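Shown next, in structure tokens, is the structure this report addresses.
Every number here is computed from the coordinates shown, using simple stated rules; none is lab data. Everything numeric here is computed off the predicted structure, so don't read it as measured data. Because the Cβ atoms are built from the backbone with ideal geometry, glycine has one as well, and the counts that use them run over all protein chains shown.
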């Protein structure tokens with residue numbers, strides 16, 4: 001049983017390491033869409049994780065990096081924080097520093113969202129709806145900003 005679970009984890013990581021950012025973004029969008037009805041804390045976890053996952057993929061598959069080394073690069077950045085990954089994306093894609101690129105208020109709120117996510121996950125707590133919504137919106141703005149920076153296809157939803 002444990003061997004099968006271990007192998008499943010290894011295979012899933014391998015798939016994510018090899019998946020190009022556009023493929024990861026499609027999966028992220030599906031996950032975010034399914035999280036719309038989740039409670040504030042669960043949605044916060046999902047949204048911060050979405051930013052982190054896309055940023056990791058953008059770092060692993062940055063322009064000029066051969067696909068054959070994706071798994072190795074994934075292992076190098078697997079433990080980096082969401083903030084470290086976002087800042088690395090901006091550097092690799094020639095964008096302004098995070099506070100300038102996303103706006104100081106948005107980026108500070110995203111940094112807090114990352115900390116709240118860790119608190120929710122590790123302390124099984126609840127930040128409250130008002131706070132959750134503000135933090136989630138900052139994450140969504142950062143995600144959209146990375147999509148634009150990397151030149152990925154944006155999805156426009158009707159109002």
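Tabulated data for the structure shown
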{"item": "Yes/no for residue 70 being surrounded by fewer than 21 Cβ atoms within 10 Å (Cβ to Cβ), part of a helix (DSSP H, G or I), in contact (Cβ under 8 Å) with a residue 24 or more places away in the chain and touching a helix residue (DSSP H, G or I) at 6+ places or on another chain (Cβ under 6 Å)", "result": "yes"}
{"item": "Test for residue 59: is it surrounded by fewer than 22 Cβ atoms within 10 Å (Cβ to Cβ) and in a helix (DSSP H, G or I)", "result": "no"}
{"item": "Contacts under 8 angstrom Cβ, first residue in region 95-108 being under 17 Å from residue 84 (Cβ atoms), partner part of a loop (DSSP other than H, G, I, E, B), 6 or more apart", "result": "101/95"}
{"item": "Exclusive hit being within 25 Å of residue 65 (Cα to Cα), part of a loop (DSSP other than H, G, I, E, B) and more than 13 Å from the chain's Cα centre (by Cα), set 80, 96", "result": "96"}
